[in-house]
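Inspection log for the structure reproduced underneath, given as structure tokens.
The values are calculated or read from the model by the stated rules, or taken from the named source; none is laboratory data. Treat the numbers as computed from the prediction; the structure is a model and nothing was measured. With ideal geometry, Cβ positions are generated from the backbone for all residues, glycine too; neighbour counts draw on all protein chains shown. Side chains included, ligands, DNA and RNA excluded: accessible areas come from the protein's heavy atoms. Shrake-Rupley method; radii C 1.70, N 1.55, O 1.52, S 1.80 Å.
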Amino acid sequence: MAAILPAGCHKHAVGTALRGGAPTLVEMTGPRSLRAHAAAHHLLVGCAVAPEHLDGEPQYAKTVADQASIVVPENSMKWAALRPTPDRFDFRGADDVVVFALTHDQKIRGHNLCWHEALPAWFEAAVNRDNASRVLTEHIRIVAGRYAGKIHSWDVVNEAVDPKSGRPDGLRQSPWLELIGPEYIELAFRAAREADPAALLTYNDYAIELDTPEQIEKRGQVMMLVRRLRARGVPINAVGVQSHLSAGETPGAGLQHFVRELRAIGLQVFITEMDVNDRSVTGDVADRDAAVAHIYRDYLTMMLAEPNVTAALTWGITDRYTWLNLPKYARADGKPQRPLPFDADYNPTPAFFAERDAIDSRRVATSAVPSDSYAPFRPGAGPRIEEE
Ligand code: G3I
């Protein structure tokens, strides 16, 4: 392969890509990387990562380092990973991600401080109505406190809205709701602000992207939640739109209105977990990749046109490790899914080029883009995200 590389091009700086059916060599690092293109458009771009691959697989680590200006641990900051027993924390995986990111000049999203899933096995027996508020706030104090000053944004509360729970406030029936009541959300945000005065505090959710009746309803309930929090002076700076999309489903204008409404009340928006499921697409790899790339292009072009959308992350960097290949999400034909910008062999997929093109299409005035670091209000200081 080295013999046909462009002059001056290190072999790691190129990959093969199928365009029009024929493999071609393409440059995709340095100035051709996602992170370089994003930097030129006031955007952070990145992916979820797993410490075991950062440490154990050089090509994985190199791809993340080359492409991402922001990373988020896919699982290693969740309760189940950090809390082997009620009294002991295991920060090894989370620390590895933080050290990697700092070494490679990357920002870090924290995921997550409060979720109804990925709770440790001991949780059910050990946490009750009497101690739940204390357990939650202590967890946040210790975890967010450990990384204070190093985190770009925390997913403080994850997936707290679920219309199917049938409650007028839209909140999900979750252990936290049952043990503490609806105020657990406010409690978590306030504890996070106290533990880390610098991080952008985020509410993160899924199935709010499309204009289907179910997703319109859920998006409305997320907006109501955010407005309730703002009205009570709760420190929330951003909403994470997870963006687990499927080929063939086109997000529409409803999401754009949602993003603009959030901008009007001073909130940023992060695309936190993008991938495109190709379960419904038949045909060969080229057909499937084209359908996936189509969603990347349309969705990101729409979202990145909004100045308060300041970060876009995919849920993984390589198809080799996508959660969509867990058995319960597998394709009927048994073929592995291809939802990410790099395939299982680290070749860029058409989604990579679609993502890069969409980044290049971003035209936002510098003055309209909120800062990527949170600073409490000081009279006379420049543009800011306001906390009431
Ligand atoms: O590490 C063990 C492995 O030792 C074991 O052999 C294997 C057997 O199933 O399980 C492995 O752990 C799995 C882990 O992913 C790592 O692959 C867990 O069973 C599995 O439950 C876990 O799933 C994660 C899921 O969140 C639940 O925490 C997915 O990786 C992760 O991608 C997914 O991420 C969520 C976001 O946090 C929130 N938004 C939705 C998103 C996708 O579901």
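Do we find that Asp275 is crowded, with 24+ Cβ neighbours inside 10 Å, among the acidic types (Asp, Glu) and within 17 Å of Ser246 (Cα to Cα) in this structure?
In short, yes.
Is there any pair linking a residue in the stretch 202-216 that is open to solvent by 70 Å² or more (accessible area, probe 1.4 Å) to one that is within 12 Å of the ligand (Cβ to nearest atom) and not β-branched (Val, Ile, Thr), with Cβ under 7 Å and at least six apart or on different chains, and which?
Tyr206/Glu159; Tyr206/Gln242; Tyr206/His244
Show me the helices (runs of 4 or more DSSP H) found entirely inside the stretch 117-200 where at least 2 residues are more than 16 Å from the ligand (Cβ to nearest atom) and surrounded by 14 or more Cβ atoms within 10 Å (Cβ to Cβ).
Result: 132-146, 175-180, 184-195.
Of Gly233, Gly252, which residue is farther than 26 Å from Arg288 by Cα, more than 18 Å from the chain's Cα centre (by Cα) and of a type outside the set (A, V, I, L, M, F, W, C)?
Unique residue meeting the criteria: Gly233.
In this structure, is His42 away from the ligand (no atom under 15 Å from the Cβ), touching a Lys or Arg at 6+ places or on another chain (Cβ under 9 Å) and open to solvent by less than 60 Å² (accessible area, probe 1.4 Å)?
So His42 fails the test.
Cβ-Cβ below 8 Å, separation at least six or inter-chain, first residue in the stretch 107-123 and at positive phi, second within 10 Å of the ligand (Cβ to nearest atom): which pairs?
From the stretch 107-123, the pairs are Ala118/Asn75; Ala118/Lys78; Ala118/Trp79; Ala118/Ala80; Ala118/Ala81.
Name every residue in the stretch 220-242 that is without any contact (Cβ under 8 Å) to a residue 60 or more places away in the chain, open to solvent by less than 50 Å² (accessible area, probe 1.4 Å) and over 12 Å from Tyr203 (Cβ atoms), in order of residue number.
Gly220
Does the stretch 293-311 hold any residues that are within 16 Å of Leu210 (Cα to Cα) and open to solvent by 40 Å² or more (accessible area, probe 1.4 Å), and which are they?
Residues satisfying the conditions are His294, Arg297, Asp298, Thr301.
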